[in-house]
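S.K.: One structure is given below, represented as structure tokens, and several questions about it will come after.
The values are calculated or read from the model by the stated rules, or taken from the named source; none is laboratory data. Remember, it's a predicted structure, so these values are computed and weren't measured experimentally. Here the Cβ positions follow ideal geometry from the backbone for every residue, glycine too, while neighbour counts run over all protein chains shown.
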Amino acid sequence: MAELEGLEFGKSDFVLLDEVTMEQFMENLKLRFEKGRIYTFIGEVVVSVNPYRQMDIYGKDTIDAYRGRELYENPPHLYAVSDAAYKAMKRRAKDTCIVISGESGAGKTEASKYIMQYIAAITNPGQRAEVESVKNVLLKSNCVLEAFGNAKTNRNDNSSRFGKYMDINFNFNGDPTGGHINNYLLEKSRVVHQQEGERNFHSFYQLLRGGSEEMLNSFHLENDPAAYVYTREGAESTTTNNDRSSHKAVMSALEVIGFSKEEISSIYHILASILLLGNMQFESDGESVQIVGLEAVNHISELTGTDPDSVTKSLLYRTVATGGGEVIEKGHSEEEACFGRDAFAKALYERLFGWIVGRINSVIEVKNYNPVLHGKNTVIGVLDIYGFEIFDNNSFEQFCINYCNEKLQQLFIELILQQEQGEYEREGITWQHIDYFNNQIIVDLVEQPHKGIISILDEACLTVGKVTDTVCLDSMDTKLAQHPHYTSRKLSPTDKTMDFQKHFRIRHYAGDVTYSVEGFLDKNKDLLFQDFKRLMYNSSNSVLKEMWPDGQLSITEVTKRPLTAATLFKNSIVALVDKLACKEPYYVRCIKPNEMKSPVLFDDARCQHQVAYLGLLENVMVRRAGFAYRQPYARFLQRYKMTCEYTWPNHLMSSDRDAVEAIVTQHGFQDDVAYGHTKLFVRTPRSLFTLEQERAAL
Ligand code: ATP
Ligand code: MG
């Protein structure tokens, strides 16, 4: 068991608390944080508190201490779950996954990197070159994905603005053979607009500050983020990582991964085009709209391999098919032109990001794997995805992110129970079912066909004519009036916090969130004029062209409405949950100790809130309602045989099971245990605690 550190550091497993109360939970969490013990178990779940300082606990010695050991043999650590997931994969040929959750800045991405480093460190002892190369690409991919997918926000200097699920494939030797990355909902609105004090994606600043003079000149760029509308807001703020040196690291990572020179150059051409697009202005003389300054058009056309007239045209006009099948060009209003420009910039970035992920995947995908020759190909998945978000102003993005968290919570409930029940069944133990809040009802509120919020949104987006966000809200109010987890200002007129005109509220499992419906329909439609797609498809730059296959359709061929953003997101999350559900899950629950990024401050209220919505107390209860501890008989004997005269130094009984029974009986906790086929199950931690104390006193 994990009580190896001495009690002055608190209980290393929350299951050992005298009583499962929020008070005791928080007291223990705080004590451990203050003593520099950032990890604590709940059974096999690791609870992690962001230390906000470098800890000397990730070195080679620590890796060696955890390698191949059982979970309870060492103090709690990410390496303990990593090893457990790895062992299950290797010994039992199980696909496993490690789900890392927690709010922004809680330490998910750092945890995922330590987990990957651990797996890299313990595999391929023979140093085979092809395996080393796979490991290298997997590790380097983090650097690239962070450059393009992370940004400085007010909550985290290096905040992941996309969800990431990475499968690592292993051969029968337990060595990595490849992998696959899935990315989820990149926050592309950040490309054109950031909150006060926040930055655009790191990649832009890295290019502007780290790109060579020659490169920037050829891109018609200045080396100053303040010169560009899209990077101006974050121009003054710095991050812990230096943009200039990061630029070098990213360039070199791209090369190591296997991006060609042409591909790398295309990536930066696209970034430059986006920056120039952002500075583009329009003016109207009352009749038609013009672009201010044609130089920018020439530069953009040069960077994107398109001709200047086509660039101008796609920015100022859109081609539409009339009801009669006629194709006409319709001039934009100034407002439409600005909307089109920003939508284009966002789409360019989103497709670039998706293409980069796809390109990494093409390098790491498992090739030439023959299951007959090579045995079963097993997988460890690592999920680093945005946690629950409650801001002052919550929009479409928060709605999607929080829906995703409902789905993951649902999975957590199912899997944790499933796992417990499975083990009891295998071992022939009867156990009592425990009930707790099932959030399926909230999942349904969002995703149910025809009735759920996503369906109502989609319906509003499909309706021809001027359906506004507020009209859509009215429709939601009517259809969801009876739902216990939905309210709005109309349904709750006396609620002072709901006196806004454009808000609705969902009672999430993690708390109430009030969403502003403003912009929901636009974001859900995610409209990009076909003219831009065609422009990019006709680019002479083959990399760019590859990103826009849908540009080959002519306007009359584009009949089918594309799926909406919410539906696409829902589909991707449903697929993710399916993927996770068939794997043996391991959990890392991350907690952010304070808002100041301080290594010493433990903000009680904020931490308690996170503990509550991560459902950690329920987790402890479930764990305790069953059997808190289980140990193979031989291991139990090895650890405690000195506490009983019949087993020390060796027992003479017919089986280890009988010898274990002798120890249990001698210490008087026979009513607190059950005997499985291969393991002893102990209901309350107290029993083992007594044994531990006795052992220590000897
Ligand atoms: P987001 O949801 O915004 O992406 P996150 O949960 O991924 O947030 P991280 O980026 O992993 O958060 O962590 C935020 C910062 O906290 C890191 O940049 C680092 O400074 C610090 N940090 C997190 N974990 C550790 C750790 N184990 N040791 C030292 N510092 C850490
Ligand atoms: Mg992150």
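Let's see how each residue does on (1) part of a strand (DSSP E or B); (2) crowded, with 18+ Cβ neighbours inside 10 Å:
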residue	(1), (2)
GLN631	yes, yes
GLN638	no, no
MET642	no, no
HIS651	no, yes
ASP658	no, no
ILE663	no, yes
ASP671	no, no
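S.K.: Out of everything in region 117-137 that is surrounded by 23 or more Cβ atoms within 10 Å (Cβ to Cβ) and either polar (S, T, N, Q) or within 20 Å of TYR66 (Cβ to Cβ) (or both), what residue ends up being nearest to ligand 1 (Cβ to nearest atom)?
M.R.: The qualifying residue nearest to ligand 1 (Cβ to nearest atom) is TYR118.
S.K.: Let me ask something additional. So SER104 ticks every box in (1) in contact (Cβ under 8 Å) with a residue 60 or more places away in the chain; (2) closer than 27 Å to ALA575 by Cα; (3) more than 9 Å from ligand 1 (Cβ to nearest atom) but one. Which box is left unticked?
M.R.: With (1) in contact (Cβ under 8 Å) with a residue 60 or more places away in the chain; (2) closer than 27 Å to ALA575 by Cα; (3) more than 9 Å from ligand 1 (Cβ to nearest atom) applied to SER104, the lone miss is (3).
S.K.: Here is a further query. Can you name the residue in region 362-408 that is of a type in the set (Gly, Ala, Ser) and assigned to a loop (DSSP other than H, G, I, E, B) and, of all such residues, is nearest to the chain's Cα centre (by Cα)?
M.R.: First, pick out the residues of region 362-408 that are of a type in the set (Gly, Ala, Ser): 362, 375, 381, 387, 395.
From what is left, the residues that are assigned to a loop (DSSP other than H, G, I, E, B) are 375, 387, 395.
On the way: GLY375: 31, GLY387: 7, SER395: 19 Å.
So, considering only residues that are of a type in the set (Gly, Ala, Ser) and assigned to a loop (DSSP other than H, G, I, E, B), the one nearest to the chain's Cα centre (by Cα) is GLY387.
S.K.: Here are the criteria: (1) in a helix (DSSP H, G or I); (2) in contact with a Lys or Arg (Cβ under 9 Å, 6 or more places away or on another chain); (3) of a type in the set (A, V, I, L, M, F, W, C). Tell me which single one PHE412 does not satisfy.
M.R.: Only one criterion in (1) in a helix (DSSP H, G or I); (2) in contact with a Lys or Arg (Cβ under 9 Å, 6 or more places away or on another chain); (3) of a type in the set (A, V, I, L, M, F, W, C) is unmet by PHE412, namely (2).
S.K.: Restricting to region 9-36, count the residues that are under 29 Å from the mean Cα position of the chain (by Cα) and assigned to a helix (DSSP H, G or I).
M.R.: Of the residues in region 9-36, 13 are under 29 Å from the mean Cα position of the chain (by Cα) and assigned to a helix (DSSP H, G or I).
S.K.: Which residues, counting only those in region 112-135, are modelled with pLDDT of 95 or more, in a helix (DSSP H, G or I) and of a type in the set (S, T, N, Q)?
M.R.: Residues satisfying the conditions are SER112, GLN117.
S.K.: Could you list all residues from region 246-285 that are over 17 Å from PHE148 (Cβ atoms) and among the polar types (S, T, N, Q)?
M.R.: SER260, ASN279, GLN281, SER284 - these are the residues of region 246-285 that are over 17 Å from PHE148 (Cβ atoms) and among the polar types (S, T, N, Q).
So that you can scan it fast, the table gives a plain yes or no per residue for (1) in contact (Cβ under 8 Å) with a residue 40 or more places away in the chain; (2) crowded, with 17+ Cβ neighbours inside 10 Å; (3) closer than 19 Å to TYR165 by Cβ:
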position: ASP550; (1), (2), (3): no, no, no
position: GLU557; (1), (2), (3): no, no, no
position: ALA566; (1), (2), (3): yes, yes, no
position: LYS579; (1), (2), (3): yes, yes, yes
position: GLU584; (1), (2), (3): yes, yes, yes
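S.K.: Would you check which residues across region 90-111 are part of a helix (DSSP H, G or I) and either of a type in the set (S, T, N, Q) or away from ligand 2 (no atom under 16 Å from the Cβ) (or both) and list them?
M.R.: LYS90, ARG91, ARG92, THR109
S.K.: Separate question: Residue by residue through region 246-266, note down the ones that are away from ligand 1 (no atom under 16 Å from the Cβ) and polar (S, T, N, Q).
M.R.: Of everything in region 246-266, those that are away from ligand 1 (no atom under 16 Å from the Cβ) and polar (S, T, N, Q) turn out to be SER252, SER260, SER265, SER266.
S.K.: How many residues are away from ligand 1 (no atom under 16 Å from the Cβ) and either free of Cβ contacts under 8 Å to residues at least 60 places away in the same chain or within 25 Å of ASN182 (Cα to Cα) (or both) if we restrict to region 383-398?
M.R.: So the answer is 3.
S.K.: Collect the residues in region 115-153 that are farther than 30 Å from LEU271 by Cβ and either within 12 Å of ligand 2 (Cβ to nearest atom) or out of contact with any strand residue (DSSP E or B) (no Cβ under 9 Å at 6 or more places or on another chain) (or both), keeping them in residue-number order.
M.R.: Answer for region 115-153, where residues must be farther than 30 Å from LEU271 by Cβ and either within 12 Å of ligand 2 (Cβ to nearest atom) or out of contact with any strand residue (DSSP E or B) (no Cβ under 9 Å at 6 or more places or on another chain) (or both): TYR118, ALA121, ILE122, PRO125, GLY126, GLN127, ARG128, ALA129, GLU132.
S.K.: Further question: Would you mind stating whether LYS87 is of a type in the set (Lys, Arg), without any contact (Cβ under 8 Å) to a residue 40 or more places away in the chain, part of a helix (DSSP H, G or I) and within 14 Å of ligand 1 (Cβ to nearest atom)? Before you say what the answer is, go through the steps one by one.
M.R.: On the way: of a type in the set (Lys, Arg): yes; without any contact (Cβ under 8 Å) to a residue 40 or more places away in the chain: yes; part of a helix (DSSP H, G or I): yes; within 14 Å of ligand 1 (Cβ to nearest atom): no.
Answer is no for this residue.
S.K.: Has region 159-171 got any residue that is part of a loop (DSSP other than H, G, I, E, B), away from ligand 1 (no atom under 11 Å from the Cβ) and surrounded by fewer than 22 Cβ atoms within 10 Å (Cβ to Cβ)? Give the derivation first.
M.R.: So the first thing to find is which residues in region 159-171 are part of a loop (DSSP other than H, G, I, E, B), and the list is 161-162, 171.
Still in the list and also away from ligand 1 (no atom under 11 Å from the Cβ): 171.
Checking which are surrounded by fewer than 22 Cβ atoms within 10 Å (Cβ to Cβ) leaves us with 171.
Yes, that holds for at least one residue.
S.K.: For region 50-73, does any single residue satisfy the condition of being touching a Gly at 6+ places or on another chain (Cβ under 6 Å), more than 24 Å from THR378 (Cα to Cα) and at pLDDT 95 or above? Working first, answer last.
M.R.: Of all residues in region 50-73, those touching a Gly at 6+ places or on another chain (Cβ under 6 Å) come to 50.
Checking the rest, the ones that are also more than 24 Å from THR378 (Cα to Cα) come to 50.
After this cut, where a residue has to be at pLDDT 95 or above as well, the list is 50.
For region 50-73, residues touching a Gly at 6+ places or on another chain (Cβ under 6 Å), more than 24 Å from THR378 (Cα to Cα) and at pLDDT 95 or above: present.
S.K.: Please note which helices (runs of 4 or more DSSP H) are completely contained in region 481-585 and include at least 1 residues that are over 29 Å from the mean Cα position of the chain (by Cα).
M.R.: It comes to 530-537, 542-547.
S.K.: Might you check whether a residue that is more than 20 Å from HIS202 (Cα to Cα), within 15 Å of ligand 1 (Cβ to nearest atom), touching a strand residue (DSSP E or B) at 6+ places or on another chain (Cβ under 7 Å) and not in a helix (DSSP H, G or I) occurs anywhere in region 67-76?
M.R.: Taking region 67-76 and keeping what is more than 20 Å from HIS202 (Cα to Cα), we get 67-76.
Checking which are within 15 Å of ligand 1 (Cβ to nearest atom) leaves us with 75-76.
In the following step, the residues that additionally are touching a strand residue (DSSP E or B) at 6+ places or on another chain (Cβ under 7 Å) were identified as 76.
Those left that are additionally not in a helix (DSSP H, G or I): 76.
For region 67-76, residues more than 20 Å from HIS202 (Cα to Cα), within 15 Å of ligand 1 (Cβ to nearest atom), touching a strand residue (DSSP E or B) at 6+ places or on another chain (Cβ under 7 Å) and not in a helix (DSSP H, G or I): present.
S.K.: Any residue at all in region 228-244 that's more than 16 Å from ligand 1 (Cβ to nearest atom) and either under 22 Å from the mean Cα position of the chain (by Cα) or at positive phi (or both)?
M.R.: no
S.K.: Still on this structure: Checking ILE98 against (1) surrounded by fewer than 23 Cβ atoms within 10 Å (Cβ to Cβ); (2) at pLDDT 95 or above; (3) more than 9 Å from ligand 1 (Cβ to nearest atom), only one condition comes out false. Which one?
M.R.: Here ILE98 clears every test but (1).
So that you can scan it fast, the table gives a plain yes or no per residue for (1) over 30 Å from LYS94 (Cβ atoms); (2) of a type in the set (Val, Ile, Thr); (3) modelled with pLDDT of 95 or more:
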residue	(1), (2), (3)
ARG155	yes, no, no
ASP175	no, no, no
LEU185	no, no, no
ARG190	yes, no, yes
GLN195	yes, no, no
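S.K.: For ASN377, indicate whether it is surrounded by fewer than 19 Cβ atoms within 10 Å (Cβ to Cβ) and either over 25 Å from TYR587 (Cα atoms) or modelled with pLDDT of 95 or more (or both).
M.R.: no
S.K.: Here is a follow-up. When you go through (1) buried (at least 23 other Cβ atoms within 10 Å of the Cβ); (2) away from ligand 1 (no atom under 14 Å from the Cβ) one by one for HIS180, which number turns out not to apply?
M.R.: For HIS180, the failing item is (1).
S.K.: Could I ask something else about it? Go through region 256-274 and count every residue that is of a type outside the set (S, T, N, Q) and more than 24 Å from SER189 (Cβ to Cβ). Give the derivation first.
M.R.: First, pick out the residues of region 256-274 that are of a type outside the set (S, T, N, Q): 256-259, 261-264, 267-272, 274.
Now restrict to residues that are more than 24 Å from SER189 (Cβ to Cβ): 256-259, 261-264.
Residues meeting the conditions: 8.
S.K.: Given the condition in contact (Cβ under 8 Å) with a residue 12 or more places away in the chain, hydrophobic (A, V, I, L, M, F, W, C) and crowded, with 23+ Cβ neighbours inside 10 Å, answer yes or no: does some residue in region 23-31 qualify?
M.R.: Yes, there is a match, as at least one residue in region 23-31 is in contact (Cβ under 8 Å) with a residue 12 or more places away in the chain, hydrophobic (A, V, I, L, M, F, W, C) and crowded, with 23+ Cβ neighbours inside 10 Å.
S.K.: Out of ARG589, ARG606, which single residue is closer than 30 Å to THR96 by Cα and among the basic types (Lys, Arg)?
M.R.: Details: ARG606 fails: closer than 30 Å to THR96 by Cα.
Only one candidate qualifies: ARG589.
S.K.: Output the residue which, of all residues in region 419-437 that are of a type in the set (S, T, N, Q) and touching a strand residue (DSSP E or B) at 6+ places or on another chain (Cβ under 9 Å), is modelled with the lowest pLDDT.
M.R.: GLN419
S.K.: Sticking with this structure for a sec: Of all residues in region 169-192, how many are free of Cβ contacts under 8 Å to residues at least 60 places away in the same chain and within 23 Å of ALA566 (Cα to Cα)? Walk me through it before giving the result.
M.R.: Kept after step one, since they are free of Cβ contacts under 8 Å to residues at least 60 places away in the same chain, are these residues of region 169-192: 173, 175-176, 190.
When the remaining residues are screened for being within 23 Å of ALA566 (Cα to Cα), the result is 190.
Of the residues in region 169-192, 1 are free of Cβ contacts under 8 Å to residues at least 60 places away in the same chain and within 23 Å of ALA566 (Cα to Cα).
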